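Worksheet: one structure, shown below.
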Amino acid sequence: MADPLVALACGLSGAFLFLLLFGLSVYLLWRKRRTQTLYRGLTPTTPTIPRCTAPVLQTSESSSYGSGDVPFIVPPQFKRTSQLNEGKEGREYTEEWELHPDLHSQRGSLTVGSCFPLGSIRPDLYQLPEEPSEWALPNGSAVRLWFALRYQQEREQLVVSLLRAANLPIRCQSNATLVKLQLLPSDDRRHRQAKARRKGCHPQFNDTFVFQVSNGCVDQCSLNMSMYTVDHQKKHHLVGHILIPLRHSEIKEAAGEVQWRDLDNESDQPLSKNGDIQVSLNYNQSLHRLTVVVLRARGLQCSSDAGVFAQVSLKMHNQVVRNKWTSVAKGNDPSFNERLTFRLLPIQLDTAFLTLQLQQPSTKDPVSLGIVVIGPFMYARGRELEHWNDMVSKPQELVRQWHPLGSADTVQGPH
């Protein structure tokens, strides 16, 4: 009697589960069809976007970007119109650039304006003005360099746009041209380097560099730009340099405007009436060793039979740390080829300097033929400053350079 009851209960349970599943399936299908019917009843619409007729710019000079902000710029609209000129074959097209009025003041200058975030500049995409007053060639053999300066006070950054050069000597036109930029004085002795995009007498650079300098230090700094040509053996030959003292008020007044300077020309010819001296320098930071190689001199104003020696002095704050002398060599163009070494700590590189003085022995005190000072920005300028900076930045090389001799008083020689 129990077995038929169990079988009946199992049958009823199975039938109930089947009906439940069947009802659930019917309900799901009904919802699906209802949803599709609602979607078909919707009318598709296409959003219309109004045409932008003016660029969206950040016009506030004091605006700054946060760490999570992304500046958005709508480019200016270009309209192309065609017009048919009567009496001429074909069709000529003209392009109208409808720009916002605020952009006209930036025409022709590679400025880093507040509407362009730093790092997004592509100077080679901008058309520079071809106005004779700005691009006039220099007179004579002077080499001219065009550039633009702008100081971003909010970021404490000096932006230098190097544009082009003109009137390079014939001997330099077949070589690559580069310009090294350095902010002086600075703890960072590395050079920023711009390479010309083509060879010739009028190379173009169109590069932009950024120097970090605080607001209070702008008036104490100078910008040094040195131009070199690189021959087929990859040797650098100095063409000239310019040193620009920075003034915050002048940079703000002429922000982004194209400026030019003529380089102080350099050559391998004698530069001084007192003669010249050739020296090689090297500094080994790990050994704290400053090496001075006195090579030769030329154009000295002395008797050819008289002997000449060089006195090399390492000084610190105008106090002599160590004096060393070469042996005596004869002639108006004597050769020394002597190596002298000094101990110098890395922290002393900005306060130490060298003096090289050529002297003639005499029965009393030695007679000075000329002197040159080579050192950091505190003591030297021009090629003497450049030589010191190259020595620091090239620890693996003996950096060689000619220097003109200046006049000096009689000094005490070796005993």
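The values are calculated or read from the model by the stated rules, or taken from the named source; none is laboratory data. Everything numeric here is computed off the predicted structure, so don't read it as measured data. Every residue, glycine as well, gets a Cβ built from its backbone with ideal geometry; the counts of neighbours run over all protein chains shown. These accessible areas exclude ligands, DNA and RNA; they are computed on the full protein's heavy atoms, side chains included. Shrake-Rupley method; radii C 1.70, N 1.55, O 1.52, S 1.80 Å.
Return a yes/no flag: does the range 360-375 have any residue that is in contact with a Leu (Cβ under 7 Å, 6 or more places away or on another chain), of a type outside the set (S, T, N, Q), closer than 23 Å to His237 by Cα and open to solvent by 80 Å² or more (accessible area, probe 1.4 Å). No.
Identify, from the list His237, His241, the residue that is of a type outside the set (Asp, Glu), open to solvent by 70 Å² or more (accessible area, probe 1.4 Å), in a strand (DSSP E or B) and within 23 Å of Arg164 (Cβ to Cβ).
Values: His241 fails: open to solvent by 70 Å² or more (accessible area, probe 1.4 Å).
Within the list His237, His241, the selection yields His237.
Give me a count of the residues in the range 208-234 that are among the small types (Gly, Ala, Ser), modelled with pLDDT of 85 or more and either under 24 Å from Arg383 (Cβ atoms) or surrounded by 15 or more Cβ atoms within 10 Å (Cβ to Cβ) (or both). Residues that pass the stated criteria total 1.
For the range 176-233, filtered to residues that are outside any loop (DSSP other than H, G, I, E, B) and without any contact (Cβ under 8 Å) to a residue 40 or more places away in the chain, the residue that is farthest from Ile251 (Cα to Cα) is Lys195. Examine the range 209-218 for a residue that is within 23 Å of Gly140 (Cα to Cα) and hydroxyl-bearing (Ser, Thr, Tyr), and state whether such a residue exists. Within the range 209-218, not a single residue is within 23 Å of Gly140 (Cα to Cα) and hydroxyl-bearing (Ser, Thr, Tyr).
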